[in-house]
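K.L.:
Take this structure, written in structure tokens, and hold onto it; I'll ask about it next.
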Amino acid sequence: MGPLGVAGNPACDESIRRVMGEAPDKELRGLLAERRELEPELAARLVDDASPEVRERLATHTHDPDVITALMADRTARVREGLARNPRTTTAQRSALAQDPVVDVRAALVLAVELAEADLRRLVDDRSVQVRMAMATSEVVPPHIRQALGGDPDEMVAGAARDFRPGSGNSSVVRAPRVDQRASGTGRGRPGGARR
């Protein structure tokens, strides 16, 4: 079994993980970053990893709220894009990511996780066609928001919103337990139904 096989092996114990965390090979550190159960000191070291790819992989896969908080301040857009795809972010973190200056971060966010109504309303008028197109084709955007996009000034966005069919498989949705349910704006079991 090669070093890449070791990383995913359940028998990969703490001493092996420590060696992986110090490995010069960013692929090994990246595989370590994707592990669900990661010792806090190893995760803290990976938060400061020199490789943006390693930090992005950590951002996408971590379950640790402290790691997520630390990575929210990362200056590299691809790391914040990884956070945008992480279903364990809080409503407040998602709101901050919805206002990220980088288009790819906002687009990844609307494709991956449910957002609060206020963030959705703001993103309907996003200056980026890419973000609005992502919303029009996202499985997690509620129908009433998609309906608003049906009148988008960009005809491709408007057409995508009008022609959207749920379950068409063109979205990379990640569904997981929400950290902060109350502030969401949609209720569990009522797809797209606003609480107000």
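K.L.:
When you check Leu38 against the structure, is it at pLDDT 70 or above and either outside any helix (DSSP H, G or I) or surrounded by fewer than 12 Cβ atoms within 10 Å (Cβ to Cβ) (or both), yes or no? Explain how you work it out, then say what you get.
P.N.:
Values: at pLDDT 70 or above: yes; either outside any helix (DSSP H, G or I) or surrounded by fewer than 12 Cβ atoms within 10 Å (Cβ to Cβ) (or both): yes.
In short, yes.
K.L.:
Filter segment 43-66 down to residues that are buried (at least 20 other Cβ atoms within 10 Å of the Cβ) and in a helix (DSSP H, G or I), then give me how many there are.
P.N.:
Qualifying residue count, segment 43-66: 10.
Residue by residue, here is whether (1) buried (at least 24 other Cβ atoms within 10 Å of the Cβ); (2) among the hydroxyl-bearing types (Ser, Thr, Tyr); (3) not in a helix (DSSP H, G or I) holds:
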site: Ile68; (1), (2), (3): no, no, no
site: Arg75; (1), (2), (3): no, no, yes
site: Leu83; (1), (2), (3): yes, no, no
site: Asp104; (1), (2), (3): no, no, no
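K.L.:
Still on this structure: Taking segment 113-172, which residues are open to solvent by 60 Å² or more (accessible area, probe 1.4 Å), farther than 25 Å from Leu83 by Cα and assigned to a helix (DSSP H, G or I)?
P.N.:
Those that are open to solvent by 60 Å² or more (accessible area, probe 1.4 Å), farther than 25 Å from Leu83 by Cα and assigned to a helix (DSSP H, G or I): Gln147, Glu155, Met156, Arg162, Asp163.
K.L.:
Gln99 fails exactly one of the following numbered conditions: (1) open to solvent by less than 10 Å² (accessible area, probe 1.4 Å); (2) under 22 Å from Arg146 (Cα atoms). What is the number of that condition?
P.N.:
Tallying (1) open to solvent by less than 10 Å² (accessible area, probe 1.4 Å); (2) under 22 Å from Arg146 (Cα atoms), Gln99 fails exactly one: (1).
K.L.:
So if I check each of Ala112, Ala92, which one is in contact with a helix residue (DSSP H, G or I) (Cβ under 8 Å, 6 or more places away or on another chain) and modelled with pLDDT of 95 or more? Walk me through it before giving the result.
P.N.:
Numbers: Ala92 fails: in contact with a helix residue (DSSP H, G or I) (Cβ under 8 Å, 6 or more places away or on another chain).
Going through Ala112, Ala92 in turn, the sole match is Ala112.
K.L.:
Conditions: (1) modelled with pLDDT of 75 or more; (2) farther than 18 Å from Pro87 by Cα. Met20 meets all but one. Number of the miss?
P.N.:
Among (1) modelled with pLDDT of 75 or more; (2) farther than 18 Å from Pro87 by Cα, the lone unmet condition for Met20 is (1).
K.L.:
Here's a follow-up. Please enumerate the residues belonging to segment 85-96 that are open to solvent by less than 10 Å² (accessible area, probe 1.4 Å) and in a helix (DSSP H, G or I).
P.N.:
Listed by number, the list holds a single entry, Arg94.
The values are calculated or read from the model by the stated rules, or taken from the named source; none is laboratory data. Worth saying up front: this structure is predicted, and the values here are computed from it rather than measured. In this analysis, Cβ positions are derived from the backbone assuming ideal geometry, glycine residues included, and neighbour counts consider all displayed protein chains. When the accessible area is computed, the model is the full protein with side chains, heavy atoms only, and any ligands, DNA or RNA have been set aside. Shrake-Rupley method; radii C 1.70, N 1.55, O 1.52, S 1.80 Å.
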